[in-house]
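The values are calculated or read from the model by the stated rules, or taken from the named source; none is laboratory data. From a predicted model like this one, the values you see are computed outputs, not experimental measurements. All Cβ positions, glycine included, derive from the backbone under ideal geometry; neighbour counts span all protein chains shown. Side chains are part of the model used for accessible areas, which takes the heavy atoms of the whole protein and leaves out ligands, DNA and RNA. Shrake-Rupley method; radii C 1.70, N 1.55, O 1.52, S 1.80 Å.
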Amino acid sequence: MYVFLAILLCAFYGFYIGKKKPLKLVQNKDLSKLNSNPKYYGYYIFLWCLIPALITFFTLNFFSNFLIKQIVLDLVPEIETISKTNIEFIYDQIKIMASGNADAFNTDENLMLASDKYKELIFIYDASVFLICTCLSAILLIFFQKKISLEFPARKKVEKFIKFFLLICSIVAVLTTVGIVLSLFFESLRFFKQISFLDFIFGFHWSPQIAIREDQVGSSGAFGSIPVLTGTFLITFIAMIVAVPVGLFSAIYLSDYAHKKVRSTLKPLIEILAGIPTVVYGFFAALTVGPFIRMTGESIGLNIVTESALCAGLVMGIMIIPFISSLSDDIILAVPQRIKDGSYALGATKSETMKKVILPAALPGIVGSILLAVSRAIGETMIVVMAAGMSARLTANPFEAVTTVTVQIVTLLVGDQEFDNPKTLAAFALGLELFILTLFLNLMALKIVQKYREKYE
Amino acid sequence: MSSIINNDILSPISSKRTRKEKLFKICGLSAIIFALSMLIILFITIFSKGYSAFYQTRIKLNINFNEELIDPTGAREITTLNTADYSKLISQSLFKFLNIDKNHPKSSEIKSLISYNSFLTLRDRVLNDPLIIGKTVKINLIASDDVDQMIKGNISLNISEENRKISDFQIEAINKLKSDGAILTVFNKTLFTKSDSREPEVSGVLGAIIGSFYCLFVAVCISVPIGVFAAIFLQEFAKKNKITDFIEININNLAAVPSIVFGLLGLSVFINFFHLPRSSPIVGGLVLALMSLPTIVIVTRASLLAVPDTIRDGAIALGASKMQAIFNQVLPLATPGICTGVIIALARALGETAPLLMIGMIAFIPDTPIAITDPATALPAQIFMWADHPERAFVERTSAAILILLSFLIVMNATAIYIRHKFEKKW
């Protein structure tokens, strides 16, 4: 904490000096002799005092953590024989003991020794980091304030830095993708070391229950993802059967039939459906739609389970409607008026124009929007977690309970986690599968929509 | 387009074509009616299930703070006052009220009319004001959830006793309490002042709301500056080349990545790699920040694009550098649009549940979180957990929590719409 304060103090002092110095340099207060506005000289010094010192601080922090941990744990006897999670636990214990909170519950001498060492190291580390960072900041302050002269292009340098900073910000998005890919990939790799890749991709049996602790009873588990995938596709398919016609017809009505005023009230109303949190849909599905479907089935002599694929798919379809209707609406409106006029001039009615002229012209865009909706449905989690089943069944019967990729990820990761166990790692393999599937759909959809836009712009 | 020019179209408007036209229009209309009716059904279901959770049944009892039971020595030491058997005070008063002997075989059924945690109310009363000992005071105690549900009419009394959550004996007692005016229905303050609990009648959403608030706070602090700066770079400075194209595709794709994948990212990077505390709002906030980042970039770019080039050219013509023109002229003009987009992105983040499940923000946490590193839960995660409880009282509370969440979302979206209408300029 003190380090930040010292660095900041240094930086603000640098700003003050940097701003004052050019004013002293010019004669007769003739500021037009200066290359930049005085405050840019201030910013320049400020940045040089702040940024390198902060970078040094965080780098030191990152590496010292490992170093200190290594040194301290070397003091604990027989450390090689202890498992990884227990090492973490012991290290946490040492830290707590060093902070003086919990010396009562553990008086193991080795740990006491280690915690003393930890305290000592932390003290040395804090002091040295404070010295290094503050000195660095001060040295840079002295060095760069000497560089200030009338001709010095401070503004350009500061703006160059800001531009660089903006670039870094936009790279964060790329880093996120890289993070997703790497984390999914490496955890999946660990999974595929234990379970063969082909078994996972082409296996027909999914029952991930493995005993996590040795004293638990459980089967040895099977990790064939086909039934999970078919469940996902079944529910997505049902959702699309609901959402595509409803969404498309809504878009058609809104764009071509509805009065402008009606349109401006109806469109936001339908879009509310997209704004409702999915957990609310899940609750609605589990509590209202599921029992309703079961009772309807009973009354006509069908045996439908409460957690049927039909229920989850239906509710998901309702959620998806606005995704299709909004995008399709925009796309239908983007079809140039001259094409419509041409059709009307030939004597076609509104519906004929729509069916035979506008829709064919807008088809690529509509397909793009449907693909985006499919990707959304595949990745949707809460509705299926709350309304669909857990058991992986290979079936196309919408009245039975099926499971989906997202449901399995949630069930595998909520509760006990053990990152050496294929049960936990399987979630990441499923996640990778999900990511690749949706990535493929998204890229395709984005490309189609973009191409379509360019065509009419 | 040759397909249009067929006999069907060349013929004068026939009744068949008119019929087709009408049918088409009806299809469109019914699609909209279907979507809207689903919306209405959803709201009505949630509201009709949830509104009753906003009031609660209390039982008004004359509690005799018997000194012999609380503190027989009269020393008034904190430990004695803390550990005294306050439940006995309640049951004594109940038995007296109902004229039941305490050795009655079904006396435990009577005790369970009052919420299990009620002795805490009495204890706090005594600790706050030890002078109350020895007096008789009228106190409204929270009734147990079964009594509450029966008063609200959610328990059917026609089914046989074994299948009912409440026994005939209890019903008799409740009716007696009712006829003596000891049963009150008051506004359910507990729902807003308490956190999660195993007992539905004393559980509330305060902890979840604070957890959600912390998450959003962290998310705003991270995603807004990064998102806005990234958008400024991409929209104003980036030259069109392969790198910026790649960044752009990346952001567009990231906006469509399933939220659960972000949860997996948070689990393996923030928790397993950086060792940030599990179930904490800081991790939740980081994940939500990454999730809303692409949306913020996209809306910021759109609002920067909407500012006409004349503003930039004007500033540059007056001698400003490009950076100055953008930060001093363009950005302030784009701010209302950016705000609108940011609020909408945050509203979406507020309702997001799946990534929070991955990072362990669904745990039973009866305490209200203080710091952003404390274990916490969030409002949608709380809804998910309560939805799992079979008790009727929790169904009611789940719906009420949904209503609270929805009202937050409505307020946020209304603010966004207000800002758009009030401040946004049309060029």
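Here are some residues: B:ILE232, B:ILE251. Which one is farther than 24 Å from A:VAL405 by Cβ, hydrophobic (A, V, I, L, M, F, W, C), under 31 Å from the mean Cα position of the chain (by Cα) and open to solvent by less than 10 Å² (accessible area, probe 1.4 Å)?
Details: B:ILE232 fails: under 31 Å from the mean Cα position of the chain (by Cα).
Sole residue among the options that is farther than 24 Å from A:VAL405 by Cβ, hydrophobic (A, V, I, L, M, F, W, C), under 31 Å from the mean Cα position of the chain (by Cα) and open to solvent by less than 10 Å² (accessible area, probe 1.4 Å): B:ILE251.
I need the full set of residues from the stretch B:375-416 which are polar (S, T, N, Q) and within 12 Å of another protein chain (Cβ to nearest Cβ), in order please. So that I can check it myself, show each step before the final result.
Start the filter on the stretch B:375-416 by keeping residues that are polar (S, T, N, Q), which leaves B:377, B:382, B:398-399, B:407, B:413, B:415.
Selection gives B:GLN382, B:THR398, B:SER399, B:ASN413.
Consider the stretch B:72-94. How many of its residues are closer than 15 Å to B:LEU113 by Cα, open to solvent by 20 Å² or more (accessible area, probe 1.4 Å) and not polar (S, T, N, Q)? Please lay out each step first, then the result.
Let us first name the residues in the stretch B:72-94 that are closer than 15 Å to B:LEU113 by Cα, namely B:87-94.
If we keep only those that are open to solvent by 20 Å² or more (accessible area, probe 1.4 Å) too, we end up with B:87-88, B:92.
Still in the running and not polar (S, T, N, Q): B:88.
Adding up the residues that qualify gives 1.
Residue under question is B:PHE327, and the condition is that it be surrounded by fewer than 19 Cβ atoms within 10 Å (Cβ to Cβ), free of Cβ contacts under 8 Å to residues at least 12 places away in the same chain and assigned by TED's automatic domain parsing to the domain that holds B:MET412; does it hold? Step through it out loud before you land on a result.
Details: surrounded by fewer than 19 Cβ atoms within 10 Å (Cβ to Cβ): yes; free of Cβ contacts under 8 Å to residues at least 12 places away in the same chain: yes; assigned by TED's automatic domain parsing to the domain that holds B:MET412: yes.
So B:PHE327 fits the description; yes.
Criterion first (away from chain A (no Cβ under 14 Å), in contact (Cβ under 8 Å) with a residue 24 or more places away in the chain and in a helix (DSSP H, G or I)) does B:PHE47 satisfy it? Let's see the steps before the verdict.
Details: away from chain A (no Cβ under 14 Å): no; in contact (Cβ under 8 Å) with a residue 24 or more places away in the chain: yes; in a helix (DSSP H, G or I): yes.
Considered against the rule, which asks whether it is away from chain A (no Cβ under 14 Å), in contact (Cβ under 8 Å) with a residue 24 or more places away in the chain and in a helix (DSSP H, G or I), B:PHE47 comes out as no.
Go through the stretch A:422-457 and report how many residues are closer than 15 Å to A:PHE200 by Cβ and more than 8 Å from chain B (Cβ to nearest Cβ).
Going through the stretch A:422-457 one residue at a time, the tally reaches 11.
Where in the stretch A:314-395 are there helices (runs of 4 or more DSSP H), lying wholly inside it, with at least 3 residues that are within 24 Å of A:ILE436 (Cα to Cα), within 27 Å of the chain's Cα centre (by Cα) and within 12 Å of another protein chain (Cβ to nearest Cβ)?
A:359-379, A:382-387
If A:GLU418 passes every condition in (1) outside any helix (DSSP H, G or I); (2) of a type outside the set (Phe, Trp, Tyr); (3) in contact with a Phe, Trp or Tyr (Cβ under 6 Å, 6 or more places away or on another chain) but one, which one does it miss?
Only one criterion is unmet by A:GLU418, namely (3).
Of the residues A:ALA388, A:ALA445, A:ALA396, A:ALA392, which is at pLDDT below 90 and within 17 Å of B:ILE260 (Cα to Cα)?
Details: A:ALA445 fails: within 17 Å of B:ILE260 (Cα to Cα); A:ALA396 fails: within 17 Å of B:ILE260 (Cα to Cα); A:ALA392 fails: within 17 Å of B:ILE260 (Cα to Cα).
From the options A:ALA388, A:ALA445, A:ALA396, A:ALA392, the qualifying one is A:ALA388.
To keep it simple, each residue is scored yes or no on (1) of a type in the set (A, V, I, L, M); (2) within 10 Å of chain B (Cβ to nearest Cβ); (3) over 36 Å from the mean Cα position of the chain (by Cα); (4) open to solvent by 70 Å² or more (accessible area, probe 1.4 Å).
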| site | (1), (2), (3), (4) |
| --- | --- |
| A:ASP126 | no, no, no, yes |
| A:ALA154 | yes, no, yes, no |
| A:ILE162 | yes, yes, no, no |
| A:VAL174 | yes, yes, no, no |
| A:VAL181 | yes, yes, no, no |
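Please find, within the stretch B:267-281, the residue that is surrounded by the most Cβ atoms within 10 Å (Cβ to Cβ) out of those that are more than 9 Å from chain A (Cβ to nearest Cβ) and part of a helix (DSSP H, G or I).
Among those that are more than 9 Å from chain A (Cβ to nearest Cβ) and part of a helix (DSSP H, G or I), it is B:PRO281.
Just one of B:ILE260, B:ILE247, B:ILE222 is at the interface with chain A (Cβ under 10 Å from one of its Cβ atoms), touching a helix residue (DSSP H, G or I) at 6+ places or on another chain (Cβ under 9 Å), modelled with pLDDT under 90 and part of a helix (DSSP H, G or I); which is it?
None of the other options fit; the residue is B:ILE247.
Hey, among B:PHE233, B:PHE213, which residue is out of contact with any Pro (no Cβ under 7 Å at 6 or more places or on another chain), away from chain A (no Cβ under 14 Å), without any contact (Cβ under 8 Å) to a residue 12 or more places away in the chain and in a helix (DSSP H, G or I)? Outline the logic, then answer.
Details: B:PHE233 fails: away from chain A (no Cβ under 14 Å).
B:PHE213 is the lone residue from the list that is out of contact with any Pro (no Cβ under 7 Å at 6 or more places or on another chain), away from chain A (no Cβ under 14 Å), without any contact (Cβ under 8 Å) to a residue 12 or more places away in the chain and in a helix (DSSP H, G or I).
Quick one: in the stretch A:396-415, of everything that is outside any helix (DSSP H, G or I) and either in contact with a strand residue (DSSP E or B) (Cβ under 9 Å, 6 or more places away or on another chain) or polar (S, T, N, Q) (or both), which residue is nearest to the other protein chains (Cβ to nearest Cβ)?
Here is the first cut: in the stretch A:396-415, the residues outside any helix (DSSP H, G or I) are A:396-404, A:414-415.
From what's left, either in contact with a strand residue (DSSP E or B) (Cβ under 9 Å, 6 or more places away or on another chain) or polar (S, T, N, Q) (or both): A:397, A:403-404.
Numbers: A:ASN397: 24, A:THR403: 14, A:THR404: 11 Å.
Ranking the qualifying residues of the stretch A:396-415, first place goes to A:THR404.
One line per residue, one yes/no per condition, for (1) touching a strand residue (DSSP E or B) at 6+ places or on another chain (Cβ under 8 Å); (2) open to solvent by 10 Å² or more (accessible area, probe 1.4 Å); (3) within 16 Å of B:LEU216 (Cα to Cα):
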| residue | (1), (2), (3) |
| --- | --- |
| B:ILE343 | no, yes, yes |
| B:ALA349 | no, no, yes |
| B:GLU352 | no, yes, yes |
| B:SER399 | no, no, no |
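Which count do you get for residues in the stretch A:311-341 that are open to solvent by 50 Å² or more (accessible area, probe 1.4 Å) and of a type in the set (A, V, I, L, M, F, W, C)? Talk me through it step by step, then tell me what you get.
Keep residues of the stretch A:311-341 that are open to solvent by 50 Å² or more (accessible area, probe 1.4 Å), which gives A:314, A:323, A:330, A:333, A:337-338, A:341.
Among the residues that remain, those that are also of a type in the set (A, V, I, L, M, F, W, C) are: A:314, A:323, A:333.
Residues that pass the stated criteria total 3.
Quick one: which of B:LYS194, B:LYS176 is of a type outside the set (Ser, Thr, Tyr), open to solvent by 50 Å² or more (accessible area, probe 1.4 Å) and closer than 30 Å to B:LEU346 by Cα? Spell out how you get there, then give the answer.
On the way: B:LYS176 fails: closer than 30 Å to B:LEU346 by Cα.
None of the other options fit; the residue is B:LYS194.
Anything in the stretch B:48-92 that is β-branched (Val, Ile, Thr) and touching a strand residue (DSSP E or B) at 6+ places or on another chain (Cβ under 8 Å)? List them, or say none.
Taking the stretch B:48-92 first, the residues β-branched (Val, Ile, Thr) are B:57, B:59, B:63, B:70, B:73, B:78-80, B:83, B:90.
Scanning the stretch B:48-92 gives B:THR57, B:ILE59, B:ILE63, B:ILE90.
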